[in-house]
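Okay, structure first, notes after.
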Amino acid sequence: MSTQNQNQNGYMLLFRGTDLRKGLSPEELQKVTDNWMNWFKRLTEEGKAVAGNPLEREGKIVAGKDRVVSDGPFAESKEAVGGYFLLDVATMDEAVAIARECPGLPYGIRVEVRPVAGECPIAADIRAEAQFAQV
Amino acid sequence: MSTQNQNGYMLLYRSDEWYEALSHEELQKVINQNKAWIDRLTAQGKARPGHALERKGAIVSGKNGRVLFDGPFAESKEAIGGYLLLDVETLEEAIAIAQSSPSLAYGTSVEVRPLAEECPLDVRARELAREEQLVHA
């Protein structure tokens, strides 16, 4: 892949999937957990992971002009985010290679790999438009 | 639900590219509002640096780590466009901050999630191990 996949601001991995706690034996669950923690520890030691947290399977959603608060489907949904890592790597290739090591993949976890924006992309768009208008 | 949490909260912003439809002036207004809002929260010690995510990326899935490069990161209303980490202790306060997000007026939704101190999988594995011990005791 080309240099347009370079990103100085790092990448975010979002782990999505249904709650792994359902359907795995205690031994399997312990194995996945241990592998996951060792993976994060290694990435941290290598300076490639700078932050990461599991999210509780609970929370709320705020939406709309009226700012209504509702319960989210955080336990059942296959789309629910269960945790994240922030990676200090410079290319999409490297971020994807790390995502492919995720110990949850065989159990149905999907990893979303997203470049972190240095500044709000909306503000960047506006500036680009303003420059274009001046030309 | 316990509403106290020492580890803080994550706000996940979901939306399509709503800003594509705004005029230059409207857009600049939202950007300024948003910046002032985040600056205030940061000055109060309630928010750690957050970031927008580029509207591109990849999804990795399956045992063999299949990579899909064209995710629905632009069109879907469910797509995550950014995040903010909050240093507040209760869900109520995190919700109140989420409710004050300027971009809500434009159709974004905000997911408010407690950060876990310990991996919930680990906690569950220990519970199961304890249950098994009780059965065999």
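Over all alpha-carbon pairs in the protein assembly as shown, figure out the percentage whose distance exceeds 29 Å. Roughly 34 percent, rounded to a whole number.
For the residue pairs A:78/B:29; B:35/B:56; B:29/B:56; A:31/B:56; A:22/B:63, the C-alpha atoms sit more than 27 angstrom apart in A:78/B:29; A:31/B:56. Within the shell of other residues whose beta carbon sits under 12 angstrom from the beta carbon of residue B:62, the net charge comes to +4, with Lys and Arg scored +1 and Asp and Glu -1.
Relative to its Kirkwood radius, the Cα radius of gyration of the range B:9-136 gives an Rg/Rh of 1.10.
Label sites at residue B:106 and residue A:50, each approximated as a point 7 angstrom past Cα along Cα to Cβ, lie 2.5 nm apart. Spread over its residues, the convex hull of the C-alpha atoms of the range A:3-134 is 132 Å³ per residue. Every helix of 4 or more DSSP H residues in chain B counts as -39500 (n - 2.57), and over all residues that averages to -11000 deg cm²/dmol at 222 nm. Put in order of Cβ neighbour count within 10 Å, fewest first, the listed residues B:112, A:68, A:111 become A:68, B:112, A:111.
In chain B, Cα pairs under 8 Å separated by at least six residues give a relative contact order of 42 percent.
Computed from the Cβ-Cβ distance with R0 of 22 Å, the FRET efficiency linking residue A:88 to residue B:48 stands at 0.85.
Across peptide B:37-47, the mean count of Cβ atoms from other chains lying within 10 Å of each residue's own Cβ comes to 0. Between residue B:63 and residue B:33, full extension at 0.36 nm per residue minus the direct alpha carbon distance yields a gain of 6.4 nm. Computed extension length for residue B:99-residue B:132: 7.5 nm, one decimal, from 0.36 nm per residue of separation with the Cα-Cα distance subtracted. Counting Lys and Arg as +1 and Asp and Glu as -1 over every other residue whose Cβ lies under 14 Å from the Cβ of residue B:84, the net charge comes to +2. Measuring nothing but how far apart in sequence close Cα pairs (under 8 Å, 6+ apart) lie, relative to its length, the range A:32-76 scores a relative contact order of 24 percent.
Helix A:121-134 and the long axis of chain A differ in direction by around 20°, with both axes built from C-alpha atoms.
Every number in this text was worked out from the coordinates using simple rules, so none of it is lab data. Everything numeric in this text was worked out from a predicted model, so none of it was measured. Because the Cβ atoms are built from the backbone with ideal geometry, glycine has one as well, and the counts that use them run over all protein chains shown.
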